[in-house]
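Working notes, beginning with the structure itself.
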């Protein structure tokens with residue numbers, strides 16, 4: 001205790017607290033810079049990440065010999081030839097024919113009818129050695145995420161089902177799903193499976209989506225996608241098993257669609273790039289092209305997508321089939337659920353990861369930056385607060401109503417644009433609102449008011465980021481990073497600051513900013529595409545990103561925009577001449593209390 | 001009651017009643033959330049009790065109902081859901097009114113008497129707790145009645161109210177100690193009145209419960225022995241989930257001792273500021289009780305405005321505020337991660353309940369420090385003098 005006392009005395013001798021309070025704006029900026037540097041610069045350093053390992057011993061990937069080999073080759077090719085003929089058929093006909101094949105194999109089939117998102121054929125094969133309470137899903141959408149007909153995937157899923165059904169070792173039911181696409185119809189099936197389907201096979205533990213478009217026998221490498229909706233990730237063990245099995249078969253693995261040329265790059269920039277790619281993929285899951293694993297989010301299902309890439313190469317389609325085979329055998333070994341604490345990770349390469357404790361500080365730093373900026377503005381507004389309880393109360397009331405107003409307006413916008421999809425109008429309106437600092441209006445804000453508005457906006461944003469930290473790290477980090485320039489906003493006291501503020505407001509507007517971001521980094525989302533994708537992601541998949549942006553980020557932005565209305569300078573000078581008489585009534589009160 | 005005060009009370013009834021009738025789904029959602037509902041305060045189990053009572057089933061043999069028999073009997077008198085909502089709204093409004101009356105009894109010049117009431121009305125924790133129809137509302141009402149009547153010197157009423165509060169949720173019985181400090185005389189009579197009221201209540205419960213004493217364990221036994229281990233914002237559950245079987249009885253005793261441990265010290269040390277000692281004890285119980293809800297926390301925070309003269313001495317007010325904000329936002333999220341998504345585990349939620357405890361502790365420490373400082377400064381705030389608080 002004595003040590004703490006001494007430290008505290010020393011700190012107050014040095015005037016540490018006042019100095020720190022003066023440094024707040026700089027601390028906020030430093031905190032934001034640390035946040036980015038921590039993630040992008042520090043984590044990919046040698047020694048800061050770990051090699052992946054299988055945490056659950058029961059999984060034992062590639063410990064058993066895989067049998068999906070030459071014996072299945074002709075069957076697979078036969079199915080593929082037949083599936084190729086179905087390309088131009090109507091979905092009812094396709095499902096009917098495929099369903100009859102599955103019935104022949106001995107799989108119970110049913111069709112989930114959904115007039116809005118089209119029908120999905122699925123079959124349940126009951127495990128010979130299980131109690132039927134758990135299941136593994138093998139999914140092959142008819143059309144993959146890029147809209148190509150998934151000939152190889154569908155043929156492989158059928159051949160694998162036939163192959164699996166001859167084995168007596170399964171302890172979990174196997175469900176094969178043939179949905180029309182990877183987005184709405186697969187997610188509609190998944191929703192229906194957990195609500196109202198008659199034919200079910202127990203709780204789904206894992207899902208593997210196969211994506212092999214075309215009729216080519218050979219392919220070059222395997223892509224694995226794992227980022228689920230709303231920040232969910234599959235258990236790292238499942239990803240590890242898939243990577244392990246694929247590499248065991250000799251194939252190269254690329255995560256999150258990283259280009260082939262970058263596979264195997266084990267250097268600092270390569271790791272950094274892949275990690276940032278993974279974070280972008282997580283933040284924009286559901287908004288970018290979906291390959292199918294997103295549809296299983298929200299039901300405690302660990303899901304991944306396996307994609308065969310390249311038309312030519314050393315590996316044939318049965319080699320690809322051995323990957324789901326081995327993954328299924330691993331998952332089949334599980335006696336309990338997947339291990340805890342393996343749900344939060346970032347992958348820097350197929351075999352390198354950082355876990356939550358290492359990467360979380362990056363997003364915490366942004367949350368801290370905003371809270372520091374908020375504190376700074378709060379103190380500044382107190383400094384400029386006019387004397388007299390009434391005036392101060394009026395300012396606080398104005399702040400509160402403005403904030404509540406912007407919140408309601410943001411909520412309204414989120415609902416209206418859900419129905420009335422005009423991204424251009426949204427962006428134009430945002431741009432127009434960004435001109436606020438330049439408005440030649442008679443309304444002049446007092447400095448106290450302006451600081452108080454900023455204070456409440458930043459603290460709100462900080463709370464939003466904190467609440468997203470664990471749920472959706474990538475989005476919290478992304479919003480923190482993109483909204484960060486807001487803290488540079490100064491009071492608009494001259495035309496020059498007005499122009500600077502307008503630029504900052506344009507840059508940090510949620511819609512303009514996300515469009516800019518998408519245009520620079522995401523070639524799939526040109527122009528204003530990202531806004532309509534955000535909306536469709538909510539409608540088709542139930543992805544919250546649209547609401548998080550509208551209700552989490554927009555209210556703070558609107559409040560900050562209002563705070564940068566031209567401000568009156570000089571009120572504080574008048575205030576300072578008044579004597580400080582805070583304690584006079586307090587004295588009397590204390591006597592009464594005692 | 002002037003116009004402003006009347007407005008506050010009406011706003012209280014309107015907001016509670018309006019929220020319950022316009023969004024009936026809100027009540028179900030809140031009642032399912034662990035932050036606002038515990039086995040001993042949940043409205044669902046109260047309704048179950050009402051059903052059992054109406055159909056002449058034994059109330060407590062099913063192990064679902066943990067409410068006091070008289071409360072169940074009272075609720076069974078209401079058939080209409082809207083009437084029940086109105087009852088809760090009125091109970092809450094009465095608390096708001098009592099806070100106003102307390103402020104008036106201090107004749108505080110710097111604090112208009114309607115302010116504590118208004119803060120109580122807009123406090124989201126209290127609002128949501130009331131909308132969730134948690135029976136904690138009635139305990140809070142009884143506690144605030146006891147406090148107000150003690151301030152007014154009405155010892156009979158005060159003794160009866162604290163007996164009712166303890167009858168409803170047991171731990172308020174310890175608040176009798178600071179209450180005695182508040183009542184300058186008639187101390188013995190107060191204690192005996194409390195005892196007589198409590199015995200009467202228990203005997204009539206015995207009558208209502210078909211002549212069986214089994215309600216004692218289901219209501220008070222559950223609170224003391226924490227036999228329903230369900231996650232909540234308190235400090236108990238995680239400990240007893242993890243503990244080896246043979247240590248459990250000992251630590252249950254320790255935890256219960258912990259609840260009562262600080263009551264007498266607070267009351268003795270601050271016997272010259274009995275109102276303040278009462279609030280400290282309330283804070284202590286909120287911090288250490290076995291089944292706390294955010295409703296308790298909200299009720300406690302409503303007493304902070306009375307200490308406005310001490311505000312200058314508060315050192316953690318920003319930290320406490322941030323802690324409470326983060327707890328209310330993060331606890332449902334972490335619970336969701338643990339129970340719904342399965343990606344988090346119980347440590348996530350327990351971490352948040354620790355943060356909540358820390359928030360309450362900072363409030364407690366701040367209050368104690370502020371009062372000690374003002375004693376040191378002989379009642380005249382001297383904010384320029386810096387002292388090390390160790």
*Among what's in the range B:343-354 and is at the interface with chain A (Cβ under 10 Å from one of its Cβ atoms) and either touching a helix residue (DSSP H, G or I) at 6+ places or on another chain (Cβ under 7 Å) or buried (at least 18 other Cβ atoms within 10 Å of the Cβ) (or both), pick the residue that is farthest from residue B:232 (Cα to Cα).*
B:343
*Output for the range B:259-310, where each listed residue is more than 13 Å from every other protein chain (Cβ to nearest Cβ) and outside any helix (DSSP H, G or I)*: B:262, B:289, B:290, B:291, B:292, B:293, B:302
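Residues checked against (1) closer than 17 Å to residue B:325 by Cβ; (2) within 14 Å of chain B (Cβ to nearest Cβ); (3) out of contact with any helix residue (DSSP H, G or I) (no Cβ under 8 Å at 6 or more places or on another chain):
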| site | (1), (2), (3) |
| --- | --- |
| A:450 | no, no, no |
| A:463 | yes, yes, no |
| A:467 | yes, yes, no |
| A:473 | no, yes, no |
*Could you list, in sequence order, all residues of the range A:229-278 that are under 24 Å from residue B:333 (Cβ atoms) and surrounded by fewer than 24 Cβ atoms within 10 Å (Cβ to Cβ)?*
A:230, A:278
*Tally time: how many residues in the range A:284-319 are assigned to a helix (DSSP H, G or I), under 22 Å from residue B:342 (Cβ atoms) and more than 14 Å from chain B (Cβ to nearest Cβ)?*
3
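For the range A:390-403, indicate whether the set of residues that are in contact with a strand residue (DSSP E or B) (Cβ under 8 Å, 6 or more places away or on another chain) and without any contact (Cβ under 8 Å) to a residue 60 or more places away in the chain is non-empty.
yes
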*Qualifying position, being surrounded by 21 or more Cβ atoms within 10 Å (Cβ to Cβ) and under 23 Å from residue B:106 (Cβ atoms), among B:149, B:174, B:194*: B:149
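Which residue out of A:437, A:423 is under 23 Å from residue A:514 (Cα atoms) and under 25 Å from the mean Cα position of the chain (by Cα)?
One residue alone meets the criteria, A:423.
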*Given the conditions (1) part of a loop (DSSP other than H, G, I, E, B); (2) in contact with a strand residue (DSSP E or B) (Cβ under 8 Å, 6 or more places away or on another chain); (3) more than 14 Å from chain B (Cβ to nearest Cβ), which single one is not true for residue A:337?*
(3)
*Hey, can you tell me all the residues within the range A:358-377 that are within 13 Å of chain B (Cβ to nearest Cβ) and farther than 22 Å from residue A:490 by Cβ?*
A:360, A:364, A:367
*asked:* For the range A:254-268, give me each residue that is assigned to a helix (DSSP H, G or I) and without any contact (Cβ under 8 Å) to a residue 24 or more places away in the chain.
replied: A:261, A:262
*Would you point out the residue of the range A:167-187, among those that are in a helix (DSSP H, G or I) and touching a strand residue (DSSP E or B) at 6+ places or on another chain (Cβ under 7 Å), that is nearest to residue A:135 (Cα to Cα)?*
A:186
_Members of the range B:311-342 found to be at the interface with chain A (Cβ under 7 Å from one of its Cβ atoms) and either outside any helix (DSSP H, G or I) or on the phi > 0 side of the Ramachandran plot (or both), listed by number_ = B:342
*Taking the residues in the range A:483-501 that are crowded, with 21+ Cβ neighbours inside 10 Å and in a helix (DSSP H, G or I) as candidates, determine which candidate is farthest from the other protein chains (Cβ to nearest Cβ).*
A:501
*Inspect all residues belonging to the range B:98-121 and state whether any of them is out of contact with any strand residue (DSSP E or B) (no Cβ under 8 Å at 6 or more places or on another chain) and under 24 Å from residue B:65 (Cβ atoms).*
no
*asked:* If I filter the range B:315-342 down to residues being crowded, with 19+ Cβ neighbours inside 10 Å and within 30 Å of residue B:380 (Cα to Cα), which single residue comes out as modelled with the highest pLDDT?
replied: B:320
_From the options A:464, A:427, residue that is surrounded by 20 or more Cβ atoms within 10 Å (Cβ to Cβ), modelled with pLDDT of 90 or more and in a helix (DSSP H, G or I)_ = A:464
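For (1) under 22 Å from residue A:540 (Cβ atoms); (2) within 32 Å of the chain's Cα centre (by Cα); (3) surrounded by fewer than 16 Cβ atoms within 10 Å (Cβ to Cβ), each residue gets a yes or a no:
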site: A:107; (1), (2), (3): no, no, no
site: A:122; (1), (2), (3): yes, yes, no
site: A:134; (1), (2), (3): no, yes, no
site: A:148; (1), (2), (3): yes, yes, yes
site: A:152; (1), (2), (3): no, yes, no
site: A:162; (1), (2), (3): no, no, no
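So, in the range B:244-258, of the ones that are exposed (fewer than 14 other Cβ atoms within 10 Å of the Cβ) and either assigned to a helix (DSSP H, G or I) or within 14 Å of chain A (Cβ to nearest Cβ) (or both), which residue ends up nearest to the chain's Cα centre (by Cα)?
So the residue we want is B:257.
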*asked:* When the residues of the range A:201-219 are narrowed to those that are outside any strand (DSSP E or B) and in contact with a strand residue (DSSP E or B) (Cβ under 6 Å, 6 or more places away or on another chain), which ends up farthest from residue A:135 (Cα to Cα)?
replied: A:217
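The values are calculated or read from the model by the stated rules, or taken from the named source; none is laboratory data. Worth saying up front: this structure is predicted, and the values here are computed from it rather than measured. Cβ atoms come from the backbone with ideal geometry, glycine included; neighbour counts cover every protein chain shown.
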